[in-house]
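Every number in this text was worked out from the coordinates using simple rules, so none of it is lab data. Worth saying up front: this structure is predicted, and the values here are computed from it rather than measured. Using ideal geometry, Cβ is built from the backbone for each residue, glycine included, and neighbour counts are taken over all protein chains shown.
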Amino acid sequence: MNLPAKVKLVDVGPRDGLQNEKQMVPAEVKVGLVHRLQEAGLKEIEVTSFVSPKWVPQMGDNAQVMAGLERRPGVRYSVLTPNMKGLEAALAAPKEQWPHEIVVFGAASEAFSQKNINCSIAESIERFAPVVQAARAAGIYVRGAMSCTVGCPYEGDIAPERVGYLAGLMKGIGVQHIGVADTIGVGTPGKVQRAVEAALQHYDLNDVSGHFHDTYGQALANTLVCLQMGIWQFDTSVAGLGGCPYAKGATGNVATEDVVYLLHGMGIETGIDLDKLIDAGQFISDHLGRKPNSRAATALLNKRAG
Ligand code: HMG
Ligand code: MG
């Protein structure tokens, strides 16, 4: 198997994870989580989103969280910005608090685009274009997320052509990297492979990542098939936190701990200290009053307890 020697994981727990929590998590706990993730060796962390607080109140403390970070050299911090208002809010802070990367997020499914960001796919691209242009002019890297690349909670199966279409539109407006998301975790390896292949029609292998929710327990298998394709970047979520408020019933992203266990077991470098990562997962799980949603973390915590 021709597998990558190194993999970069972007922990999206503070954003994708905590956006979906019923209870409001205080900004200082979010900051504490980011600090523990960087302590564990994560080199990229998706911290928050600059979206409407009426739509997603859990992210309403975005500026406070960004301002509270003690940044580590070599760590990149990213945020979601769906429109100019979001980008302007992210850049209203002093420059040292700016994100290194922003994420514009669209969907391969029309219905999901409407539910999630209140506009059609075509309108979303019109909204994103000036955001991408302004971010790049400010020296900020732009990622694009494509939701519902294999299945949609409203439309069912999504054909790979729809993914290719959206990836092409994202490329056309200057989005530098594209994430192939299985928002509701329904994908299985063949389907995910076809969605990733569609993205690869427009993006280089080095500019495509996987973002797999684990609702049906398929995310590790989907990660493995991507590794076999040469994909080396994945979004994962510490303690398996997460979901999307506009994808009811979908669970969190694949747990970072489980992916690190898989990768290290295969001899693939991540730069992440699994023990410290488990501590980060335990920290946020304690705060939320539940156990980490990670098989590897559970097994290793049981082992620690003897
Ligand atoms: P809209 O209502 O169409 O926007 O929302 P609008 O421009 O008509 O503005 C309406 C109101 O929202 C106005 O306020 C604006 O100021 C305000 P009002 O005058 O009524 O008081 N507003 C904003 N406030 C703060 N920040 C902003 C902003 N924009 C407008 N950026 C919008 C459009 C996209 C803003 C809205 O639909 C929204 O916030 N949606 C939330 C989407 C979201 O966060 N979803 C979850 C993240 S995506 C995800 O989880 C998927 C991913 O993980 C990949 C995967 O797994 O699939 C990435
Ligand atoms: Mg997601």
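A convex hull fitted to the Cα coordinates of the chain yields 115 cubic angstrom per residue. Restricting to the chain, compute how many DSSP beta bridges are antiparallel as a %, nearest 5. Restricted to the chain, the bridges split so that about 10 percent are antiparallel. Applied to region 69-86, the Karplus parametrisation 6.51 cos²θ - 1.76 cosθ + 1.60 on θ = phi - 60° returns per-residue 3J(HN,Hα) values of 6, 9, 6, 10, x, x, 9, 9, 10, 10, 9, 8, 9, x, 7, 4, 4, x Hz, with x for Gly and Pro.
For region 188-306, the equivalent ellipsoid derived from the Cα gyration tensor has semi-axes of 26, 17, 11 Å, listed largest first. Compared with the direct C-alpha span, the chain from E269 to A122 gains 49.0 nm at full extension, assuming 0.36 nm per residue. The length gained on full extension between Y141 and K8, counted as 0.36 nm times the residue separation minus their Cα-Cα distance, comes to 46.3 nm.
Along its three principal directions, the equivalent ellipsoid of region 218-282 from the Cα gyration tensor extends over semi-axes of 21, 17, 8 Å, largest first.
For V10, the residues whose modelled amide H falls within less than 5 Å of its own, excluding neighbours fewer than 5 places apart on the same chain, are F234, D235, T236. With contributions of -39500 (n - 2.57) from each DSSP H run of at least four residues, the per-residue ellipticity at 222 nm computed over the chain stands at -12500 deg cm²/dmol. Once backbone amide H atoms are built at 1.01 Å from N, R76 has E44, I45 as its partners under 5 Å, excluding neighbours fewer than 5 places away on the same chain. Computed packing ranks the peptides 275-282, 66-73, 259-266 as 275-282, 259-266, 66-73, most packed first, by mean other Cβ atoms within 10 Å.
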